[in-house]
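One structure is given here, and the rest of the page talks about it.
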Amino acid sequence: MLNAFQPIVLSNRIDSIRGNFADPSELITHFKKHLEECEKKSSYVELALDDLDTFWPPRLVSAVREKGAAVFFGAGLSIPCGIPGWSQLLQNFKIERALLEDADLRDDPLTMAELASKQVGHENLQETLRILSNQATKFSVNHALLAALSCPIYITTNYDVLFEKAFKEIHRGGKIPVVVNDADMQTNEVQDALANKDPVLFKIHGCAERTKEHLILTRRDYRIHYRFNVKFFTKIKSLMEDHCVLFAGFSHKDPEVSRLVEDIIYDYENHQSGKPAPRFFSLQFQMLSHTPEIFAARGIVALQPSPAKVISDDSRSLSLANSLGELIARQSHVAAPITDLYDDLKLATDEISAALQDALKRLESEQASALDILVGRKPPGVLGGLQGRLGHLASQGVYLADEQGMVKEHATPPGIPGHLRTISTSLEQRSYFRQARSFRASFVSDVDRSMFNGRGTFFLCVPLLRDEQMKGLLFSACQIGQWSRPIDIAKKLWAKSISFVLVDSNGICLLPPNNEFAIEDLQEVSGGFSTQADANVGYPFNKLMALSQRDRLVGHIGRTVVPVELDDDVLHFSGNFKQFSVIAEVPKTRWKVALSMAITK
């Protein structure tokens, strides 16, 4: 099994093959200097998250170390070597200017290629592609760096053989098996490499060196290729499900690749794959503030390459090289990357989710009885037992409302006499009641201000349906301060100097992330407040809202779009202060959980 290089070994290897690079000598010199800095830092006893310029998520670094990562690279790696990009390619085909300037076609490369094949002829198109893809003989330093990672799986949309050349040079004559179709999958060379976790290259659109096979470019080519080589693409899909995938030099504009990613996410979300949550990362240049959110909505974590520290015509290539060099340094460091935060996050999310889902199931078990009460078929009386079974998650009682939002029955815990939680007005305008009427499925609401004591309160809601129509709502009311589970989780994390952010879809935190203020217990006899012990224990909603509006971390987490299941994030504050956060969604809620720790240079 091939192992990734140490920075010092890689630096020496790059020197020995320097004449094989298409990159300017100046770029190689700058990169080697950066690699030497990485080597020094990789000798630290501890390599902090911000000791290197690029933020590489610890779970991705661990995957590279443990041979659990795949690299998906595109044209961005080959363009610096003289392989034309899409716009240059079209000019070689001498497409009509009207087509080149058409706004609809500009973002539709498959249709443009289909039109090009009609104008110049399919065989001429193939020959031109082959000539242009083979005209570059030298590879880039980034080809070499990706090869140096020695990942078990490489996938590319490129036709050229520059990566194969780089792999052979960087590994002193080592050859990487290449797979382009179903037939290649059956060879012993490929099967042995996959079994041993040795590198394999999947060229999903063909290889320019294979003169007896077509290159895939036009819409018709795609249609046939993706449907004819079913085993090939089924294997690629399975490998992308099983591995942490890093996209590099890839624009994400290829519709079939996007569909592949979407299919993987769909199968996971609908429990059809039985695989772990998809883990997709993409290095993206010139990210705007909203770029990570755009990619997150696609299920991908967007990472920003470290900036090139010198002015150069090849600044993108240098920036990518610096970042990949840092990944090599980080994964080769003697100490494993920090992953405890991920474990803590999973534990916190699972505990909170399990408690909420169990409570919803208990409420759902009384749907039929609750409907019978509303229509007069059964006398009141089931809510008291239900409230007891729900415990803390019904700390403010269980309520049964009709379709107009009028409460017909309620039951409160022993510490709250029932008459102190009587509701005589309609709940129709409460946000949770509107949500129940709109979606007619069980859910956990966002936090709201209690009409009784002003505490932050959320509701577990089960709409009561008959013939698809909502006839009422069965729900429990809970104040976070009275629900011990998240408080206990937060206390353990606070003891480790970790912020615990539990935030709803409105960006309101359900408890202070760093224990900024304590739980309060109002003991006044006014406005329906109870003098019973623990009746009004909780966090004042107004305080939670004020904290959420001014706290940058809470605001950032509230706005964050979580890709599939988990996000890795660094928030920059003033000076050198940063926060590293891992973020997850609580299933079947609109809540997010984030654990965050400070990192400083």
task: Within the range 235-265, count every residue that is among the hydroxyl-bearing types (Ser, Thr, Tyr), part of a helix (DSSP H, G or I) and at pLDDT below 95.
output: 1
query: Hey, among Ile155, Ile176, which residue is farther than 16 Å from Arg13 by Cα, in contact with a Pro (Cβ under 9 Å, 6 or more places away or on another chain) and of a type in the set (A, V, I, L, M, F, W, C)?
result: Ile176
- prompt: Given the structure, is Gly418 in contact (Cβ under 8 Å) with a residue 40 or more places away in the chain and either among the small types (Gly, Ala, Ser) or not assigned by TED's automatic domain parsing to the domain that holds Ser484 (or both)?
  reply: no
query: Looking at the range 561-577, is at least one residue part of a strand (DSSP E or B), hydroxyl-bearing (Ser, Thr, Tyr) and over 27 Å from Pro276 (Cα atoms)?
result: no
statement: Counted residues in the range 450-471 being surrounded by 23 or more Cβ atoms within 10 Å (Cβ to Cβ) and among the small types (Gly, Ala, Ser) come to 1
task: Tell me which residues, restricted to the range 290-339, are basic (Lys, Arg) and either closer than 18 Å to Asp50 by Cβ or over 20 Å from the mean Cα position of the chain (by Cα) (or both).
output: Lys309, Arg316, Arg330
- prompt: Here are Asn12, Asn20: which of them is surrounded by fewer than 15 Cβ atoms within 10 Å (Cβ to Cβ) and of a type in the set (S, T, N, Q)?
  reply: Asn12
- prompt: Arg59: in contact with an Asp or Glu (Cβ under 8 Å, 6 or more places away or on another chain), within 30 Å of Pro152 (Cβ to Cβ) and assigned to a helix (DSSP H, G or I), yes or no?
  reply: yes
statement: Expected single match for buried (at least 20 other Cβ atoms within 10 Å of the Cβ) and more than 24 Å from Ala148 (Cα to Cα) among Thr218, Thr211 is Thr218
- line: Flagged in the range 565-593 as among the aliphatic types (A, V, I, L, M) and either touching a His at 6+ places or on another chain (Cβ under 9 Å) or surrounded by fewer than 21 Cβ atoms within 10 Å (Cβ to Cβ) (or both), in numbering order, are Leu566, Val570, Leu571, Val586
- request: Give me a count of the residues in the range 11-56 that are free of Cβ contacts under 8 Å to residues at least 60 places away in the same chain, small (Gly, Ala, Ser) and within 30 Å of Ser581 (Cβ to Cβ).
  value: 1
field: Residues within the range 16-49 that are outside any helix (DSSP H, G or I) and farther than 19 Å from Arg172 by Cβ, tallied
entry: 10
Index of the failed condition, Ala354 passing every other in (1) within 18 Å of the chain's Cα centre (by Cα); (2) closer than 23 Å to Leu460 by Cα; (3) not β-branched (Val, Ile, Thr): (1)
task: Identify the residue in the range 471-486 that is of a type in the set (A, V, I, L, M) and at pLDDT 95 or above and, among all such residues, is nearest to Ile352 (Cα to Cα).
output: Ala477
- prompt: Quick one: would you say Ile14 is of a type in the set (A, V, I, L, M) and in contact with a strand residue (DSSP E or B) (Cβ under 9 Å, 6 or more places away or on another chain)?
  reply: yes
query: Can you name every residue in the range 156-195 that is under 13 Å from Ala144 (Cα atoms) and in a helix (DSSP H, G or I)?
result: Leu162, Phe163, Glu164, Lys165, Ala166, Phe167, Lys168, Glu169, Ile170
task: Answer yes if at least one residue in the range 269-279 is in contact (Cβ under 8 Å) with a residue 40 or more places away in the chain and either hydroxyl-bearing (Ser, Thr, Tyr) or over 22 Å from Lys588 (Cα atoms) (or both), and no otherwise.
output: no
query: Residues Ser289, Ser323, Ser315, Ser306: which one is polar (S, T, N, Q) and closer than 20 Å to Cys151 by Cβ?
result: Ser323
query: For residues in the range 46-82 being in contact with a Cys (Cβ under 8 Å, 6 or more places away or on another chain) and of a type in the set (A, V, I, L, M), which is nearest to Asp23 (Cα to Cα)?
result: Val71
- prompt: So which residues in the range 196-221 are outside any loop (DSSP other than H, G, I, E, B) and of a type outside the set (Asp, Glu)?
  reply: Asn196, Val200, Leu201, Phe202, Lys203, Arg219, Arg220
query: What residue, among those in the range 402-447 that are among the aromatic types (Phe, Trp, Tyr) and in a helix (DSSP H, G or I), is surrounded by the most Cβ atoms within 10 Å (Cβ to Cβ)?
result: Phe433
- prompt: So is Val141 of a type outside the set (D, E, K, R), buried (at least 18 other Cβ atoms within 10 Å of the Cβ) and under 31 Å from the mean Cα position of the chain (by Cα) or not?
  reply: yes
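The values are calculated or read from the model by the stated rules, or taken from the named source; none is laboratory data. For clarity, every value in this text was computed on a predicted model and none was experimentally measured. Neighbour counts are summed over all protein chains in view; Cβ atoms, including those assigned to glycine, are modelled from backbone coordinates with ideal geometry.
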